[in-house]
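The values are calculated or read from the model by the stated rules, or taken from the named source; none is laboratory data. Predicted, not measured: the structure shown is a model, and the values here were computed from it. No Cβ is skipped: glycine too gets one built from the backbone with ideal geometry, and neighbour counts run over all protein chains shown.
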Amino acid sequence: MGIIYVLWLRQIKRYFRSRARIIGSLGQPLLFLLSLGFGFGPVFQRAGQGNYIQFLAPGVIAMTVLFSGIFNGIELIWDRQFGFLKETLVAPVPRVTIMIGRTLGGATTSVMQGLIVAIACLIVGFRPNSMMAIVGGLVFMTLIAVMFTALGTAIASVLSDFQGFQMVMNFLVMPIFFLSGALFPLANLPPALTVATRLDPLSYGVDGLRAALVDLGHIGVALDAAVLAAIASAFLILGAWAFSKIQI
């Protein structure tokens with residue numbers, strides 16, 4: 001447990017040392033909130049769907065956690081290229097322990113970034129239903145963070161350069177985000193798009209966040225949580241296996 005705590009703490013310290021990363025994490029979410037939230041808001045309201053900021057904010061929070069979690073894999077590639085990972089791997093502990101520590105640290109920083117964006121959402125007019133709704137939202141943010149941090153670790157474990165990681169992310173992250181229902185309701189979609197959204201793991205995170213925070217879920221909170229927990233466990237196993245195969 002000691003090495004897990006050390007690696008978790010190291011990831012947290014890295015996050016707070018990078019002020020540019022903290023500030024930069026607000027750029028894209030604010031763009032979505034301000035341009036789409038206020039731009040499409042009147043259209044959304046005239047369609048009888050209510051306040052678009054209330055609908056959009058959980059999706060933007062989930063997007064932030066997704067991007068932050070999966071891009072934690074870049075830190076693994078960085079450590080690998082500059083020799084820091086080798087120093088960690090020679091420690092007399094199982095590699096799975098190291099992977100869990102890094103994943104928990106990365107997931108924690110992803111939740112922190114999500115909370116920063118949540119505060120920005122409150123500033124622009126988003127209002128959760130209650131304090132208990134915030135607790136439920138934190139649960140879903142944590143599940144999303146663990147799931148995609150583990151996936152980012154698995155991908156980074158089999159790549160050796162930043163260019164390869166960025167290429168994979170371009171073909172993976174954006175489809176995951178746009179098919180998640182973060183920007184549009186999941187109800188009454190064409191059959192093909194319905195299937196695509198159900199296969200997207202982030203759909204369950206966005207829907208769970210939306211249900212917990214503003215009671216606008218479509219799939220069901222229990223199913224959302226169960227699917228996220230199952231996929232997070234699968235990605236943790238995949239990440240641990242890929243991390244164990246790293247050559248130093």
Among the residues of region 99-116, is there at least one that is surrounded by fewer than 20 Cβ atoms within 10 Å (Cβ to Cβ), among the aliphatic types (A, V, I, L, M), closer than 24 Å to TYR204 by Cβ and more than 13 Å from the chain's Cα centre (by Cα)? yes
Name the pairs: first residue in region 186-201 and farther than 24 Å from PHE235 by Cα, second residue not in a helix (DSSP H, G or I), Cβ to Cβ under 7 Å, at least 6 apart or on different chains? LEU186/HIS218; ALA187/HIS218
Just to be sure, is LEU223 of a type outside the set (S, T, N, Q), exposed (fewer than 15 other Cβ atoms within 10 Å of the Cβ) and modelled with pLDDT of 85 or more? yes
Pairs where the first residue, in region 119-134, is free of Cβ contacts under 8 Å to residues at least 12 places away in the same chain and closer than 16 Å to LEU33 by Cα and the second is of a type in the set (Gly, Ala, Ser) and surrounded by 11 or more Cβ atoms within 10 Å (Cβ to Cβ), C-beta under 9 Å, 6+ apart: LEU122/ALA57
Quick one: is ARG21 under 19 Å from the mean Cα position of the chain (by Cα), at pLDDT 75 or above and either aromatic (Phe, Trp, Tyr) or assigned to a helix (DSSP H, G or I) (or both)? no
For region 222-248, enumerate the residues that are under 24 Å from MET131 (Cβ atoms) and in contact (Cβ under 8 Å) with a residue 60 or more places away in the chain. ASP224, ALA225, LEU228, ALA229
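Here is a yes/no grid of residues against (1) in contact with a Ser or Thr (Cβ under 8 Å, 6 or more places away or on another chain); (2) among the hydrophobic types (A, V, I, L, M, F, W, C):
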| site | (1), (2) |
| --- | --- |
| TYR52 | no, no |
| LEU56 | no, yes |
| VAL60 | no, yes |
| SER68 | yes, no |
Which members of region 141-156 meet the condition of being polar (S, T, N, Q) and either in contact with a Cys (Cβ under 8 Å, 6 or more places away or on another chain) or surrounded by 24 or more Cβ atoms within 10 Å (Cβ to Cβ) (or both)? THR149, THR153
